[in-house]
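Every number in this text was worked out from the coordinates using simple rules, so none of it is lab data. Since we're looking at a predicted model, the values are computed, not measured. Every residue, glycine among them, receives a Cβ derived from its backbone with ideal geometry; neighbour counts consider all protein chains shown.
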Amino acid sequence: MGAIHNHWRPVPGRIKDYIAVPKPNGYQSLHTAVFTGDGPIVEIQFRTLEMHEFNEYGVASHHYYKSGPNAKKDPQESFAWIEQLREFQNADVSPHIYLKRLKTDFFQDRIFVFTPKGDVIDLPVGATILDFAYAVHTEIGSHAAGGKINGKFVALKSVLHSEDIVEITTNSKSRPSDKWLELCVTSTAQGRIRKFLKHKKF
């Protein structure tokens, strides 16, 4: 990373250490973003072969490496991704929907987008403004009214792409509805919308 930063100027606040603090599904990598002169901002990721194998082949590969003779087993770290499963595992959905969510959140290709402060948000390909809002915080998602992608106002259904800078516009009168379920793809967003709608009925 030092060599990269000596060659290209880093974007302030956009270094993300997923090695020290892995993602809930076990993803590990070190990210930075750099200015390339006249070209676009480029994100560069650093990881070991073990980390790369996990990112490419998923949980099974991760546990294969962890079971090696020199592995340092930390159950809390190894199974942290299970916590994310719990959010929709007990949801009232069909097995087909459950497996679709599992595939989307854990095994689909990922994109990395930025908050205005430079924090990196990891989302699956196809994620929308609404997915982003719920990934940042439940209250932001529940009151989302729209947002900006790279400074341009867009609707909640707008699809995100890697390196987008995303800002959420909230409104205290904005509330989740059944239609919102069609505006997002992640289990986190859909699960929290369903939870809100379920409690609303009582």
Query raised in the report: Within the set LYS23/LYS152; LYS16/LYS148; LYS16/LYS200; LYS16/LYS173; LYS23/LYS179, which residue pairs have Cα atoms separated by over 31 Å?
Result: LYS16/LYS200; LYS16/LYS173
Query - Counted charge near PHE35, where neighbours are those whose Cβ lies closer than 11 Å (Asp, Glu -1; Lys, Arg +1) - result: +1
